């Protein structure tokens, strides 16, 4: 499994993904799930993946091939005129890969080869945009009502995002919020694990403002993890005590 989050802020986009892939408790590996392409001064595009590793790697590899020789392997996301078209290309390719595996008989036991993706980025003279791509190839775009997307193991980290997110927050606060969300997921589910990949895309910059791999030894993440645990315990014990006495009598 995995956990990836992309959120839209007034200032731009903030993205984070884990790197754990497992096929049972005794077969755990680390694979990158965040991929970025940029054309300085013109566009930056980041894709995060969740689901079957062979499926997602096939999609990313085909996108890479198209980018290297776009005149021979169109359409390329580096040529797409809008982020909507980028999402369309990625969605169609994901759907084709999954359908090809089904037709070849590789998928005989349920949805083993399904995958979902988050596509984020900005093209010059346009707004930063964020899309959630479904296995069927269709997608939705982040909006005022849905300003962030999660894929993978979403349930443990979502309450943190729902309560803490603010579109006007700083990049630094957004990163801190994501770290808390990921720490909560990490503590609750063994299928999500360090290291994490972090990407901050500032509006109209067209290159990463900040890109970092967060390891288990990262001092800030360790501080966030321990401080969040202490803050939860403190908040819990500050709540009113429950009583077995009937207060109404």
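The values are calculated or read from the model by the stated rules, or taken from the named source; none is laboratory data. The shown structure was predicted, so the numbers you read here are calculated from the model rather than taken from an experiment. Methodologically, a virtual Cβ is constructed for each residue, glycine included, from the backbone with ideal geometry; neighbour enumeration extends over all protein chains shown.
A few points about this structure:
- Of the residues making up segment 194-248, those that are outside any strand (DSSP E or B), touching a residue at least 60 places away in the same chain (Cβ under 8 Å) and either under 19 Å from the mean Cα position of the chain (by Cα) or within 19 Å of residue 35 (Cα to Cα) (or both) are 194, 195, 203, 205, 206, 207, 208, 209.
- Checked against the criterion of being surrounded by fewer than 21 Cβ atoms within 10 Å (Cβ to Cβ), more than 22 Å from residue 1 (Cα to Cα), within 22 Å of the chain's Cα centre (by Cα) and touching a residue at least 12 places away in the same chain (Cβ under 8 Å), the candidates 89, 123 yield just one match: 89.
- Hits in segment 189-243 - residues which are at pLDDT below 95 and touching a helix residue (DSSP H, G or I) at 6+ places or on another chain (Cβ under 6 Å): 192
- Pairs, first free of Cβ contacts under 8 Å to residues at least 40 places away in the same chain in segment 144-156, second surrounded by fewer than 16 Cβ atoms within 10 Å (Cβ to Cβ) and part of a strand (DSSP E or B), C-beta under 9 Å, six or more apart: 146/140
- Residues satisfying the stated conditions in segment 80-119, i.e. modelled with pLDDT under 95 and either in contact with a strand residue (DSSP E or B) (Cβ under 6 Å, 6 or more places away or on another chain) or outside any helix (DSSP H, G or I) (or both): 104, 105, 106, 107, 108, 109, 110, 111, 112, 113, 114
- Some residue of segment 56-71 being over 18 Å from residue 4 (Cα atoms), touching a strand residue (DSSP E or B) at 6+ places or on another chain (Cβ under 8 Å), in a strand (DSSP E or B) and at pLDDT 95 or above: no
- Of 181, 191, all but one fail to be in contact (Cβ under 8 Å) with a residue 12 or more places away in the chain, touching a strand residue (DSSP E or B) at 6+ places or on another chain (Cβ under 9 Å) and either in a helix (DSSP H, G or I) or more than 16 Å from residue 17 (Cα to Cα) (or both); the exception is 181.
- Any hit, segment 72-80, residues being more than 19 Å from residue 207 (Cα to Cα) and in contact (Cβ under 8 Å) with a residue 12 or more places away in the chain: yes
- Residue check for residue 96: farther than 26 Å from residue 207 by Cβ and either surrounded by fewer than 20 Cβ atoms within 10 Å (Cβ to Cβ) or in contact with a helix residue (DSSP H, G or I) (Cβ under 7 Å, 6 or more places away or on another chain) (or both): yes
- Members of segment 127-159 that are outside any strand (DSSP E or B), in contact with a helix residue (DSSP H, G or I) (Cβ under 7 Å, 6 or more places away or on another chain) and under 30 Å from residue 41 (Cα atoms): 137, 138
- Number of the condition not met by residue 52 [criteria: (1) at pLDDT 95 or above; (2) touching a strand residue (DSSP E or B) at 6+ places or on another chain (Cβ under 6 Å); (3) buried (at least 18 other Cβ atoms within 10 Å of the Cβ)]: (1)
- Residue in segment 163-173 that is buried (at least 21 other Cβ atoms within 10 Å of the Cβ) and either part of a loop (DSSP other than H, G, I, E, B) or at pLDDT 95 or above (or both) present: no
- Tabulated pairs, segment 58-70, first free of Cβ contacts under 8 Å to residues at least 24 places away in the same chain, second surrounded by fewer than 13 Cβ atoms within 10 Å (Cβ to Cβ), C-beta under 8 angstrom, 6+ apart or interchain: 66/74
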